[in-house]
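Single-structure report; data block below.
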Amino acid sequence: MGRLTEAVKHLLIVNVILFFATQLYGDLLYQWLSLWFPKNTNFAWWQVISHMFMHGNLMHILFNMYALWAFGTPLERVWGRNKFLFFYFSAGLGSALLHSSVNYYLFNEGLQALVNAGMTENQVLDIISKGQYSPDWYDIASRSTIDNFLTAYNTPAVGASGAIYGILVAFAFMYSEAKLMLIFLPVPIKAKYFVPLLLAGDLIFGIGNINTGVAHFAHIGGALIGFIMMWYWKKNQFNQNRWD
């Protein structure tokens, strides 16, 4: 890919600095900078941006930063720094929006079941804000409903994956014939097929509510915004314009 472009370089630096900072002040930084559910007492408005620079472990940041370098560099060369950053953060915000919307649905489903059983919303929020829950709740609603309710409230989102998926979609638009490979499937696949294959996996795991430790709808949200932007730019012959 040659020399690092300016925006990609600075995004890599900030991500790496914060990753090493979490090794020293992990609990505090994750509390401040991860994206929490809006009703969680840890939630703050800046987390819709800051969570993009937080990563859970070494493999998480290695994958995201490699993808940022490999796929973001050629895009920034064509678009320029400003347009690339606009696209990157737009995809990241779309990721946060869809992820939070799905969490809201899952949270509200569990909360409504508990309220229908005679509890008040304030009572429920008071219990879960202390990191607690009642085993009796599993007699009120299904295990998956209660588990999803608690997970939506208690589990923050971290990582640049949503923005990266937007970048992957843009790469597939612009370099559709480029051949890529999955680590566990070392067979060259054209980008125009490779990216939809990744998204199909996220969609299956997300809709199937299969717990993989990955925020699949965050990936889909970033990819969706990336697709909409690329489609609009291409339709309006805007894709090749640089914003220097």
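The values are calculated or read from the model by the stated rules, or taken from the named source; none is laboratory data. No experiment lies behind these values; they were computed from the predicted model shown. Heads up, the Cβs are rebuilt from the backbone with ideal geometry, glycines too, and the neighbour counts pull from every protein chain shown. When the accessible area is computed, the model is the full protein with side chains, heavy atoms only, and any ligands, DNA or RNA have been set aside. Shrake-Rupley method; radii C 1.70, N 1.55, O 1.52, S 1.80 Å.
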- Task: Run the quick spin-label model on ILE204 and TRP46: label points 7 Å from Cα toward the beta carbon, then report their separation in nm to one decimal.
- Result: 4.1 nm
- Query: What range in the chain is the longest one free of trypsin sites (Lys or Arg not before Pro) that are in a loop by DSSP and have at most 14 other Cβ atoms within 10 angstrom?
  - Reply: 4-129
- Item | Principal-axis tilt of helix 161-174 within the chain, Cα atoms, nearest 10 degrees | 30 degrees
- Task: Whole number please: convex hull volume per residue, Cα atoms of the stretch 47-139, in Å³.
- Result: 135 Å³
- Message: Let me check I've understood the local charge: for ASN211, count other residues with C-beta under 13 angstrom from its C-beta, Lys and Arg +1, Asp and Glu -1. What total comes out?
- Response: 0
- Over the alpha-carbon set of the stretch 6-236, divide Rg by the Kirkwood Rh and report the Rg/Rh ratio to two decimals. 1.01
- Task: Please give the per residue accessible area of the stretch 6-236, computed with a probe of 1.4 Å over protein heavy atoms only, in Å².
- Result: 52 Å²
- Calculate what fraction, in whole %, of the accessible area of the stretch 6-236 sits on carbon and sulfur atoms when a 1.4 Å probe is rolled over the protein chains. 65 percent
- Task: Round to a whole angstrom and tell me the spacing of the C-alpha centers of the stretch 82-160 and the stretch 32-46.
- Result: 12 Å
- Item | Rounded to 10°, Cα long-axis angle of helix 58-67 versus longest principal axis of the chain | 40 degrees
- Long-range HN-HN contacts of LYS190 with modeled amide H, under 5 Å: LEU180
- Task: Can you check what the net charge comes to around LEU111, using other residues whose Cβ is under 10 Å from the Cβ of LEU111 (Lys, Arg +1; Asp, Glu -1)?
- Result: -1
- Task: Report the dimensions of the stretch 133-244 along its three principal axes from the alpha-carbon atoms, largest first, rounded to Å.
- Result: 58, 34, 21
- Message: I'd like the orientation of helix 143-154 relative to the chain: the angle between its Cα long axis and the longest Cα principal axis, in ° from 0 to 90, rounded to 10.
- Response: 70 degrees
